[in-house]
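The values are calculated or read from the model by the stated rules, or taken from the named source; none is laboratory data. Please read all numbers here as calculations on a predicted model, not as lab measurements. Every residue, glycine as well, gets a Cβ built from its backbone with ideal geometry; the counts of neighbours run over all protein chains shown.
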Amino acid sequence: MVYVPDNPLSHVLAVLATDYTDVDTTIATREEEAFGIAAGLHLGGARPTVMLQSSGLGNSINALTSLIVPYQLPMLVVISMRGDAGEWNAAQVPMGRAVRSILEALTIPYASPASAGDVEATVASLGRTAFGTRHVGACLLPRRVTMPTETKEPR
Amino acid sequence: MTRLEATHVVVGAVDAGTPVIASLGHPAYDLFAVGDRPTNFYTWGSMGLASSIGLGLAMVRPDLHVVVVDGDGSLLMNLGSLATVGWRRPERLIVIVWDNEAYATTGGQDTATKHGADLAAAARAMGVTQAVTVRETHDLGAALNRARREPGPWVIVAKVQESPPTGKPPLDCVFIKQRFMEAIGRPEAATQGESA
């Protein structure tokens, strides 16, 4: 699993560190680098996941369009959303609004869990399709799932 | 030395079973022309990511030497990769950088290495202690021999003169990938439905 850190994803990382020690995690300096590393992981026979904040999708587009999609490199992508309901930072909103349109333009299927209890099934089905069809599958984690108690600006 | 001459040195030094990841454009064209092998992975896009692809492969296949043939302009686009390589430190990763001080594939515009940027020094500063700059073919051969014997990761910056590319790899990205994966012993299984 290759990622660029995001606060909501830190909970996922904590669970991976304690309960899934067989999952190797690597921090990349930038999201397109993460996709490059993930490409190499697949070439070596692994099943890679890339985790990033929605803002990082903008840093990833050339890697997706000129490497991951044309070479049919399967991977699961987990995107923690910013700029959706509950957002306080105006600089996060434009990309947050654009994520779905960008994924559709790139022909990347995505799904978003309705609730925390739905995350596991969503990730599992996206992963099955991604690795079964040699494509990317993106799970969008909305703020209402990742930050349910955050309703105001951070202190 | 020209990039073509230097590519001959690399192909001659690398075992047939060793994967080589080639950056798009002239590095990939020369690698194909000098020695097309199933173990060559040619990129046709994603400028800057060759060293990242090599890092990922080296992490999951520590039993293999993994060679990357990058360009100065490409590595400059993804300098953060050096920091990640310097952190993860896969011992058998060998990143070769053809440094012609130009964006040769796009018409020969200057890169920053023509004006003082030192990619081997950058690698060392990022924790890749085995980083050297070479200027002659015999020095490149000696550096490759060291890199195959001594734990890396290695960054070998080869100062090269531009030479006209003499071939182009196949354009079929999926063919390149599947040929490569089979050649390194990780064939991509056919996709299968879960019910008939």
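For B:Pro169, indicate whether it is at pLDDT below 95 and either among the polar types (S, T, N, Q) or surrounded by 13 or more Cβ atoms within 10 Å (Cβ to Cβ) (or both).
no
Could you list all residues from the range B:106-134 that are hydroxyl-bearing (Ser, Thr, Tyr) and within 11 Å of B:Gly73 (Cβ to Cβ)?
Of everything in the range B:106-134, those that are hydroxyl-bearing (Ser, Thr, Tyr) and within 11 Å of B:Gly73 (Cβ to Cβ) turn out to be B:Thr106, B:Thr111, B:Thr113.
Yes or no: A:Leu76 surrounded by fewer than 24 Cβ atoms within 10 Å (Cβ to Cβ), part of a strand (DSSP E or B) and away from chain B (no Cβ under 11 Å)?
So A:Leu76 fits the description; yes.
Among the candidates A:Ser112, A:Ser101, A:Ser125, which residue alone is of a type in the set (S, T, N, Q) and either buried (at least 17 other Cβ atoms within 10 Å of the Cβ) or touching a Pro at 6+ places or on another chain (Cβ under 7 Å) (or both)?
Details: A:Ser101 fails: either buried (at least 17 other Cβ atoms within 10 Å of the Cβ) or touching a Pro at 6+ places or on another chain (Cβ under 7 Å) (or both); A:Ser125 fails: either buried (at least 17 other Cβ atoms within 10 Å of the Cβ) or touching a Pro at 6+ places or on another chain (Cβ under 7 Å) (or both).
Result: A:Ser112 is the single residue among A:Ser112, A:Ser101, A:Ser125 that is of a type in the set (S, T, N, Q) and either buried (at least 17 other Cβ atoms within 10 Å of the Cβ) or touching a Pro at 6+ places or on another chain (Cβ under 7 Å) (or both).
Could you give every pair whose Cβ atoms fall below 6 Å, whose first residue belongs to the range B:165-187 and is farther than 22 Å from B:Thr106 by Cα and more than 8 Å from chain A (Cβ to nearest Cβ), and whose second residue is surrounded by 12 or more Cβ atoms within 10 Å (Cβ to Cβ) and among the β-branched types (Val, Ile, Thr), counting only separations of at least 6 or pairs across chains?
B:Ala183/B:Thr39
I'd like to verify a number: residues in the range A:53-67 that are closer than 12 Å to A:Leu106 by Cβ, part of a helix (DSSP H, G or I), among the small types (Gly, Ala, Ser) and touching a residue at least 12 places away in the same chain (Cβ under 8 Å), how many?
1
Looking at B:Arg135, B:Arg124 in this structure, which one is away from every other protein chain (no Cβ under 14 Å), surrounded by fewer than 22 Cβ atoms within 10 Å (Cβ to Cβ) and within 22 Å of B:Gln161 (Cα to Cα)?
Every option except B:Arg135 fails the conditions.
Just checking, how many residues over the range B:23-48 are surrounded by fewer than 20 Cβ atoms within 10 Å (Cβ to Cβ) and under 11 Å from the mean Cα position of the chain (by Cα)?
Qualifying residue count for the region: 0.
Can you tell me which residue within the range A:36-55, out of those that are closer than 14 Å to B:Leu49 by Cβ and either at pLDDT below 95 or within 7 Å of another protein chain (Cβ to nearest Cβ) (or both), is nearest to the chain's Cα centre (by Cα)?
Looking at residues that are closer than 14 Å to B:Leu49 by Cβ and either at pLDDT below 95 or within 7 Å of another protein chain (Cβ to nearest Cβ) (or both), I get A:Ala38.
In this structure, does A:Ala111 turn out to be under 25 Å from A:Ala28 (Cα atoms) and not basic (Lys, Arg)?
Answer is yes for this residue.
Looking at this structure, is A:Glu33 within 11 Å of chain B (Cβ to nearest Cβ), of a type in the set (D, E, K, R) and in a helix (DSSP H, G or I)?
Yes, satisfied.
If B:Gly107 satisfies all but one of (1) buried (at least 22 other Cβ atoms within 10 Å of the Cβ); (2) at pLDDT below 95, what's the number of the condition it fails?
Failing condition for B:Gly107: (1).
Hey, among B:Ala125, B:Ala120, which residue is over 30 Å from A:Gln72 (Cα atoms), under 17 Å from the mean Cα position of the chain (by Cα) and of a type outside the set (D, E, K, R)?
Answer to the selection: B:Ala120.
Would the range A:3-26 turn up any residue that is modelled with pLDDT of 95 or more and within 9 Å of another protein chain (Cβ to nearest Cβ)?
yes
Does B:Thr166 count as in contact with an Asp or Glu (Cβ under 8 Å, 6 or more places away or on another chain) and within 23 Å of B:Gly45 (Cα to Cα)?
yes
Which residue is farthest from the other protein chains (Cβ to nearest Cβ), if the candidates are limited to the range B:48-97 and must be outside any loop (DSSP other than H, G, I, E, B) and among the polar types (S, T, N, Q)?
B:Ser74
Name the single residue that is nearest to the other protein chains (Cβ to nearest Cβ) among those in the range B:1-28 being over 30 Å from A:Val2 (Cα atoms) and among the hydroxyl-bearing types (Ser, Thr, Tyr).
B:Thr7
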